[in-house]
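To start, the structure itself, in structure tokens.
Nothing in this text is a laboratory measurement; each read-out follows from the coordinates by a stated rule. Quick caveat, the model's predicted, so the values are computed rather than measured. Don't worry about glycine lacking a Cβ; one is built from the backbone with ideal geometry, like all the others, and counts go over all protein chains shown.
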Amino acid sequence: MAKFVVTPSSEAQRDAWLGGTIPEVERVRPGLWSVPVPIPINPLRYVLVYVLELPDGVAIVDAGWNTDEAYAALAAGLRVAGYDMTDVKGVLVTHLHPDHYGLAGRIREASGAWIALHPADAALVHDRYDEGAIDALVARERAVLVRSGVPELTLDELAGASMMIRHMVSMAKPDRLVEDGERLDLPGWDLRAIWTPGHSPGHLCFVSPSRKVLFSGDHVLAKITPIVAVHPQSGPNPLADYLDSLAAVRTLDVEEVLPAHEYRFLELAERVDYVMAHHDERLAEIERVVAAAGDGVSCWAVATRLTWSRPWETIPPFMRRAANNETLAHLTWLEAKKRVRRVPGEPDLWFPEANSL
Ligand SMILES: [Zn+2]
Ligand SMILES: [Zn+2]
């Protein structure tokens, strides 16, 4: 597959990303700022929070992880733009993942800002102290792994990565639910929400037709592709949702993509085409592995036979779980297209569709 490389619209930001550092706070254009907020112990290193100036304060797109360091970085970034945390009127959150949503509650406590989220992600925000809900989630995650054929020895290690889930549910409830196509009433901004499920069931992008910018969250990024996986908080066929959501933004008339990670860039349609082609290739590879196995293979066994960015044996447990669940998303997509067939069990076994004749 021919490599397509996007054009960064801030070389300084791109260089910081590639150089392993945190970029500067930047004015993207009049009335719009980019504030990198660090994420602890994560290769993504930071979330890019966008600050939108309003007549009486600011709104922000995404919030950051719930740590003191992140809060301080956001406060410092707001000061560079000439504002204070108490000036935040609204927090538009692209999706419920902790690096985007985690800090929203604390910002609301400081400023009285409203928090907006899509209903499908809002439905996944459990009560802050509901330990029972967390245990139930871990049990459901374990069930997904059992049906994937994860070896017994690794099961608890993989399912017990519950700290991640804990971060995901220890969150404030949103004040506003934003639907697909909704216009946000932000003075001076013609911002419209676009529902882009896939990476999460309620992922939102925000487009400004007059400024020709797309706040793309984790949906479209410069170099990486977001994890699209089957898990207890995903839709039944998240890859189908994701590919539809790529199509939904592909033809937008924008000049610049403002993602939540890495760096901002110019070419939306070309990047979308490249990501779609990447998934086509992955689907074809998985179909080949299932065909080569012939007489039924588990999702986990398929995952171990795929090409990853490093040898399977060296992938740490948490990432193996994501790899398994991503493979399951692709198998589920192929099943819906009748390119593979699933025989349910513990584990589910996957067959080439021709065998079903
Ligand atoms: Zn995410
Ligand atoms: Zn993210």
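Summary of values
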quantity: Conditions (1) within 16 Å of ligand 1 (Cβ to nearest atom); (2) more than 23 Å from residue 214 (Cβ to Cβ): number failed by residue 79; calculated: (1)
quantity: Filter pass, residue 90 being more than 16 Å from ligand 2 (Cβ to nearest atom) and more than 21 Å from residue 214 (Cβ to Cβ); calculated: no
quantity: Residue list for segment 207-234, filter: outside any loop (DSSP other than H, G, I, E, B) and buried (at least 22 other Cβ atoms within 10 Å of the Cβ); calculated: 213, 214, 215, 216, 217
quantity: Answer from 71, 46 - the residue that is among the aromatic types (Phe, Trp, Tyr) and either touching a Phe, Trp or Tyr at 6+ places or on another chain (Cβ under 9 Å) or in contact (Cβ under 8 Å) with a residue 40 or more places away in the chain (or both); calculated: 46
quantity: Complete set of residues in segment 333-343 that are touching a residue at least 40 places away in the same chain (Cβ under 8 Å) and under 14 Å from residue 298 (Cβ atoms); calculated: 340, 343
quantity: Segment 195-223 - residue that is within 19 Å of residue 48 (Cα to Cα) and touching a Phe, Trp or Tyr at 6+ places or on another chain (Cβ under 7 Å) and, of those, farthest from ligand 1 (Cβ to nearest atom); calculated: 208
quantity: Count of segment 223-272 residues which are within 16 Å of ligand 2 (Cβ to nearest atom), hydrophobic (A, V, I, L, M, F, W, C) and in contact with a Pro (Cβ under 8 Å, 6 or more places away or on another chain); calculated: 2
